[in-house]
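The values are calculated or read from the model by the stated rules, or taken from the named source; none is laboratory data. Source: prediction; values computed, not measured. For neighbour counting, all protein chains shown are included, and Cβ atoms are generated from backbone atoms with ideal geometry for every residue, glycine included.
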């Protein structure tokens, strides 16, 4: 079989055993890879009743057919679980060098099951599997863990690790992947699930190559598209994702002061242009990627002073910057590094801080009750706050719960201040100012994620209203599903293949696999995988009643700036849901119908 290694590894940490399952071509063609494999495996193995932090939950690392090939942006991987933050299916895409190594180590997917009685890590060396003691790694930060694993196993290894946040069960703990460009499976608390299993790391080494059916055809496609990719991605190469700060702020859609407004008057001070001018050292890239959107910056002051560290992404600048009315980029550098070292999502951390700051300001909780003081606009020690959250000390005892759980504790009307969907804090792409993102966040499998339906900034001046948004959301979600099944970088996917499914995918997919896949078959895979994710969530309680948006998004229009007056009222959301469900083939409650499941080949618990 071309495009795949033909094997799935299952590691049972309870018994300290592992088994290998043959990857059938029919399964590969049905689910393609990545989140398709993960959703199918989770649907089969994980009961709808399980607690996400119980041994019965699983974590799936999966690759797709493009990984390990010379295709641009193919050094990626995918991780998925039932999230402790949302209680639902959750998948996350990551890069660095670990994703590239996944197939070289001999498997298409790695399934981690059960729970060890003491800390372990899993070592896979070109098909040879060992479950090893990790007591010497427990409690260590991510960079130290990567280094110690390299010392113990040799320079050729790549690792995906959790930090203290995962060990301590922080709701939004993540997984940090090795490589010259540090990358994370950043959201949904997958790191906390590994922590509950006492699994510190998955470590891989190997030299196996992904078999390609028609390598000359693939090379032709790469040569044809690479010049256009470099030109379209030039801003990412120059500035990275912080290129968005000034642009989105100028549109009046940059969440500020816990999203009470969407214009940050000091955005220039945390912009990509300023960071590049004053602090940038050099570009970094995931394995084999020509875009090199990552950057290293010098830290002049703070806990990490004197170090050259990973530049924060746009989402981190939004969450730790504008949402807190914080215009000090160096404080964000320090907070970002600490989150990476502790293994903790920067978006949820920053937005939770902003929510807590407004709750303090409005009197829903006192500083004494919180165990600390969090205010808007002040020069702040974000690094210290991140450490407290990861270690569950001081105010971190509460911050580690995430904003939704805090609202449940604070009570009164504090839930009206939340900026999250399905319990996942919303990123820096406005649910009010961007018309398509309202419906996108409400229907996203992941909740407050901009990686299901993608933000559309193509027409910043004209308000498109709500007409056409169901169609856009449907098409965009299907496109991102295929990107996450292949598995390919979202930036490369959109700049080479486009924002919706089209014929341009087929030469690459068929050259790698040797199949004769059509656009209709690719579209059917997208619908199958997204519907399967929805089915997993429906069985865990999701329905129309939970396809909602934050109170502020539906009831408080943007108060000022170019997008003044925009919001997504409940009545408009309900109309969009009606049209969207019809496009999906779901019933009026948002449930996939029996007829649709039959058409897509999704049985009752069968694959």
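Output the residues belonging to segment 354-375 that are surrounded by 18 or more Cβ atoms within 10 Å (Cβ to Cβ), assigned to a loop (DSSP other than H, G, I, E, B) and modelled with pLDDT of 95 or more. First the steps, then the outcome.
Within segment 354-375, the first condition is being surrounded by 18 or more Cβ atoms within 10 Å (Cβ to Cβ), and the residues that meet it are 354-360, 364-365, 370, 372, 374.
Still in the running and assigned to a loop (DSSP other than H, G, I, E, B): 364-365, 372, 374.
Selection gives 364, 365.
Does residue 493 count as free of Cβ contacts under 8 Å to residues at least 60 places away in the same chain, within 19 Å of the chain's Cα centre (by Cα), over 20 Å from residue 554 (Cα atoms) and crowded, with 18+ Cβ neighbours inside 10 Å?
On the way: free of Cβ contacts under 8 Å to residues at least 60 places away in the same chain: no; within 19 Å of the chain's Cα centre (by Cα): yes; over 20 Å from residue 554 (Cα atoms): yes; crowded, with 18+ Cβ neighbours inside 10 Å: yes.
Against the criterion (free of Cβ contacts under 8 Å to residues at least 60 places away in the same chain, within 19 Å of the chain's Cα centre (by Cα), over 20 Å from residue 554 (Cα atoms) and crowded, with 18+ Cβ neighbours inside 10 Å), residue 493 does not qualify.
Rundown of residues vs (1) surrounded by fewer than 21 Cβ atoms within 10 Å (Cβ to Cβ); (2) touching a strand residue (DSSP E or B) at 6+ places or on another chain (Cβ under 9 Å); (3) under 23 Å from residue 23 (Cα atoms), yes/no style:
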| position | (1), (2), (3) |
| --- | --- |
| 68 | no, no, yes |
| 78 | no, yes, yes |
| 84 | no, yes, no |
| 92 | no, yes, yes |
| 95 | no, yes, no |
| 100 | no, yes, yes |
| 105 | no, yes, yes |
| 108 | no, yes, yes |
| 140 | yes, yes, no |
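Here is a list: 427, 460. Which entry is assigned to a loop (DSSP other than H, G, I, E, B), out of contact with any strand residue (DSSP E or B) (no Cβ under 9 Å at 6 or more places or on another chain) and at pLDDT below 95?
Checking each option against the conditions leaves just 460.
Picking from 313, 269, which residue would you name as being at pLDDT 95 or above, under 20 Å from residue 73 (Cα atoms) and in contact with a helix residue (DSSP H, G or I) (Cβ under 8 Å, 6 or more places away or on another chain)?
313
Anything in segment 511-520 that is in contact (Cβ under 8 Å) with a residue 12 or more places away in the chain, surrounded by fewer than 21 Cβ atoms within 10 Å (Cβ to Cβ) and part of a helix (DSSP H, G or I)? List them, or say none.
519
Which condition does residue 181 not pass, out of (1) touching a helix residue (DSSP H, G or I) at 6+ places or on another chain (Cβ under 9 Å); (2) assigned by TED's automatic domain parsing to the domain that holds residue 105; (3) surrounded by fewer than 24 Cβ atoms within 10 Å (Cβ to Cβ); (4) modelled with pLDDT under 95, if it passes all the others?
It fails just one condition, (1).
Which residue out of 476, 421, 414 is buried (at least 24 other Cβ atoms within 10 Å of the Cβ) and at pLDDT 95 or above?
Criteria check complete, one pass: 421.
Out of 169, 188, I need the residue that is touching a residue at least 24 places away in the same chain (Cβ under 8 Å), assigned to a loop (DSSP other than H, G, I, E, B) and in contact with a helix residue (DSSP H, G or I) (Cβ under 6 Å, 6 or more places away or on another chain). Which one?
Values: 188 fails: in contact with a helix residue (DSSP H, G or I) (Cβ under 6 Å, 6 or more places away or on another chain).
Selected residue: 169, the only one of 169, 188 that is touching a residue at least 24 places away in the same chain (Cβ under 8 Å), assigned to a loop (DSSP other than H, G, I, E, B) and in contact with a helix residue (DSSP H, G or I) (Cβ under 6 Å, 6 or more places away or on another chain).
Only one of these conditions is not met by residue 444: (1) at pLDDT 95 or above; (2) more than 23 Å from residue 191 (Cα to Cα). Which number is it?
(2)
Condition check ((1) more than 24 Å from residue 117 (Cβ to Cβ); (2) assigned to a helix (DSSP H, G or I); (3) more than 20 Å from the chain's Cα centre (by Cα)) across all residues:
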{"position": "137", "(1), (2), (3)": "no, no, yes"}
{"position": "160", "(1), (2), (3)": "no, no, no"}
{"position": "210", "(1), (2), (3)": "yes, no, yes"}
{"position": "220", "(1), (2), (3)": "yes, yes, yes"}
{"position": "237", "(1), (2), (3)": "yes, yes, yes"}
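Which of the following residues is buried (at least 17 other Cβ atoms within 10 Å of the Cβ) and closer than 25 Å to residue 404 by Cα: 549, 597? Let's see the steps before the verdict.
On the way: 597 fails: closer than 25 Å to residue 404 by Cα.
From the options 549, 597, the qualifying one is 549.
Out of (1) under 30 Å from residue 159 (Cα atoms); (2) surrounded by 18 or more Cβ atoms within 10 Å (Cβ to Cβ); (3) over 20 Å from the mean Cα position of the chain (by Cα), the odd one out for residue 281 is which?
Failing condition for residue 281: (2).
Considering only residues that are surrounded by fewer than 17 Cβ atoms within 10 Å (Cβ to Cβ) and not in a loop (DSSP other than H, G, I, E, B), which ones fall in segment 146-158?
Within segment 146-158, the first condition is being surrounded by fewer than 17 Cβ atoms within 10 Å (Cβ to Cβ), and the residues that meet it are 147, 150-152, 154-156.
147, 150, 151, 152, listed by residue number.
Among (1) crowded, with 22+ Cβ neighbours inside 10 Å; (2) at negative phi; (3) within 22 Å of the chain's Cα centre (by Cα); (4) at pLDDT 95 or above, where does residue 436 come up short?
(4)
With the condition kept exactly as written, say whether any residue in segment 475-487 is part of a loop (DSSP other than H, G, I, E, B) and under 28 Å from residue 102 (Cα atoms).
yes
Conditions (1) modelled with pLDDT of 95 or more; (2) in a helix (DSSP H, G or I); (3) out of contact with any strand residue (DSSP E or B) (no Cβ under 9 Å at 6 or more places or on another chain), marked per residue:
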position	(1), (2), (3)
275	yes, yes, no
286	no, no, no
290	no, no, yes
297	yes, no, no
301	yes, no, yes
305	yes, no, yes
317	yes, yes, yes
326	yes, no, yes
332	yes, yes, yes
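Of all residues in segment 86-98, how many are under 18 Å from residue 293 (Cα atoms) and not in a strand (DSSP E or B)? Step through it out loud before you land on a result.
So the first thing to find is which residues in segment 86-98 are under 18 Å from residue 293 (Cα atoms), and the list is 93-98.
Still in the list and also not in a strand (DSSP E or B): 95-98.
So the answer is 4.
Residues 468, 498: which one is on the phi > 0 side of the Ramachandran plot and not assigned by TED's automatic domain parsing to the domain that holds residue 446?
498
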